[in-house]
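Heads up: the structure comes next, in structure tokens.
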Amino acid sequence: TVYIETYGCQMNVADTEMITGSLLARGYGRVERPEQADVILVNTCAIRENAETKVFARLRELAVHKRTRPSVRLGVTGCMAQHLRDSLRTQAPQVDLLVGPDGYRYLPELLDAEDGALHTALRLDPNETYADVPVARDPGVRAWVTIMRGCDRFCTFCIVPYVRGRERSLPLAALVDEVRRLADAGTKEVVFLGQTVNAYRDGTADFADLLRATQAIDGIDRIRFTSPHPTDMSARVIDAMADCPKVMPQLHLPVQSASDAVLDRMARDYTVAQYERLVDRLRQRIPGIAFSTDIIVGFPGETAADFAATYALIERVRYATAFLFKYSSREGTRAAKWDDDVPDAEKGARLERLIALQERISGEVNRAEVGTDVAVLVEGPARRPEGWVTGKSPQFKRVMCPGPAVAGSTVRVRIEAATSHTLSGRLA
Ligand code: 5AD
Ligand code: SF4
């Protein structure tokens, strides 16, 4: 039996589904609690220091199961295993397995060896796509489909290219087959995943081709993807988004900063003006499109004026939501060699100001939907109130309303109330 805990991004959630699939194929059963497991895996994130701190604390807790049941194997998989391959051996000596993002294929073999030694699979493999590995998805109306892995962009703050390796895409034909199988099994929405998802290219087809091919698959009602890089948002991709009605009017478009000086030091490969022109073009071509973003505050050398520019951009773009982070120096990246000179208290103050601003804007943007009818893909019963259902609008906003409504159906909901995070109403 295997128990897996997942930290970090949606790519890790998808990787956990793939790891689970490969172990189920080898005869393992999945359990929901570590007490029931012969194998305990923690699928980890390395994007910021606090992600790793959390996992170290959790590993100390999970090691209890090895003391009470010495045959239990404890493994660390994913980005932190790759990043801290050396220090994990000493800082978490309870760990039996270290498997990086390109080593999941070897997990069953490593688990077969029962000699009590530390077993590792930490080589990055530029050809590994896991195209042949079965994915054990949690059932639901939405399925996440990894279409490319790795990243070649090397933004100076980011550990991803070092722990996930070079960019590589799965073949279009295999992806189309998979989405067809998902549709046959009842999936209504696919979300394509990749570190720079719109850089997808399999040698023949590009991301625009994948969107158009998926549009043609019967049974799929909605298509989304995350996360695109602004520079890879080509005219072909924008045309495909505009032409394909199943591609939802929603885009997560990480900006990171709205100071050209900071963007240049981050090696983001665009200026603020270029980013805003892209937002304008997308708004013209895809009416009603909702944007979300990622922003880092306190990057090395970020001045008060740089920060003010970021604040002003958020006010201009009016994102539906934003993921806001304090800069965290990551060993091995280029920015880690620079002085992390914005004091932590100042980073915290800047972060708080952006959070307050975004909360206000999210509330305003959502309240503007009150009185309108939105098409909601129903996911199932809401946790509460009793009898209510929950789903997402085309703009990927959470909508709740009194039922009845069947999971997987799309219903019209007249919006009556809104907070910064949720819309609610009744069936129209
Ligand atoms: N510090 C803070 N945030 C980071 N991100 C990536 N690396 C770092 C870092 N070193 C953020 C970026 C990215 C998101 C997934 O995480 O905003 O888009
Ligand atoms: Fe990291 Fe930049 Fe690649 Fe995104 S595009 S994964 S931020 S290096």
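The values are calculated or read from the model by the stated rules, or taken from the named source; none is laboratory data. Keep in mind that this is a model prediction, so the values were computed, not measured. Cβ: placed from backbone, ideal geometry, glycine included. Neighbour counts: every protein chain shown. Keep in mind that these areas ignore ligands, DNA and RNA; they rest on the heavy atoms of the full protein, side chains included. Shrake-Rupley method; radii C 1.70, N 1.55, O 1.52, S 1.80 Å.
Observations, loosely collected:
- Restricting attention to the chain, close to 35% of DSSP beta bridges with both partner residues there are antiparallel.
- The calculated P(r) of the stretch 134-216, using every Cα pair and 10 Å bins from 0, goes 17, 45, 29, 8, 0 in percent.
- The slack in the chain from ASP243 to ALA304, taken as 0.36 nm per residue of separation less the alpha-carbon distance, amounts to 17.8 nm.
- Computed over Cα pairs, the Kirkwood radius of the stretch 68-124 leads via Stokes-Einstein (0.692 mPa s, 37 °C) to a diffusion coefficient of 289 µm² per second.
- Principal axis dimensions, largest first and in whole angstrom, of the stretch 34-186 by Cα: 47, 39, 27
- The label point for ALA368 and the one for TRP388, both projected 7 Å from the Cα toward the Cβ, are 2.4 nm apart.
- Counting only heavy atoms of the protein chains and using a 1.4 Å probe, ARG353 has close to 130 Å² of accessible surface.
- A Förster distance of 22 Å, applied to the separation of the beta-carbon atoms of LYS54 and ARG318, puts the FRET efficiency at 0.10.
- Taking every alpha-carbon pair under 8 Å whose residues sit at least 6 apart, the chain reaches a relative contact order of 10 percent.
- Length-normalised contact order for the stretch 22-92 - Cα pairs under 8 Å, 6+ apart - percent: 36
- Long-range Cα-Cα pairs in the stretch 314-375 (distance over 15 Å), rounded percent: 63
- From largest to smallest, the equivalent ellipsoid semi-axes obtained for the stretch 303-428 from the alpha-carbon gyration tensor read 38, 17, 11 Å.
- Largest to smallest in accessible area, the residues ASP344, ASP96, ASP184 fall in the order ASP184, ASP344, ASP96 (1.4 Å probe, all protein chains included).
- Distance histogram for the chain (every C-alpha pair counted, 20 angstrom bins, percent rounded to whole numbers): 24, 57, 19, 0
- Based on Cα contacts under 8 Å between residues 6+ apart, the stretch 1-53 shows a relative contact order of 53 percent.
- Total lysine pairs whose alpha carbons fall under 27 Å of each other in the chain (8 or more apart, or interchain): 13
- Legend: P(r) of the stretch 1-90 from all alpha carbon pair distances, 5 Å bins from 0, whole percents, reading 3, 14, 25, 25, 20, 12, 2, 0.
- D (Stokes-Einstein, µm²/s), Kirkwood Cα radius, the stretch 265-313, 0.890 mPa s at 25 °C: 195
- Among the cysteines of the chain, those with no neighbouring cysteine Cβ under 4.7 Å are CYS9, CYS45, CYS79, CYS151, CYS244, CYS401.
- Phi-derived couplings, Karplus 6.51 cos²θ - 1.76 cosθ + 1.60 at θ = phi - 60°, listed residue by residue for the stretch 410-415: 9, 10, 8, 10, 7, 6 Hz, with x used for Gly and Pro.
- Span from the the stretch 128-187 Cα centroid across to the the stretch 19-77 one, whole angstrom: 22
- Solvent-accessible surface (1.4 Å probe) assigned to LEU351 amounts to roughly 30 Å².
- Amide H contacts of THR146: LEU193, each under 5 Å away and 5 or more positions distant or on a separate chain (H built 1.01 Å from N in the peptide plane; Pro and chain starts excluded).
- Given 10 as the ceiling on other Cβ atoms within 10 Å, longest exposed-site-free region of the chain for GluC sites (Glu not before Pro) in DSSP loops: 115-385
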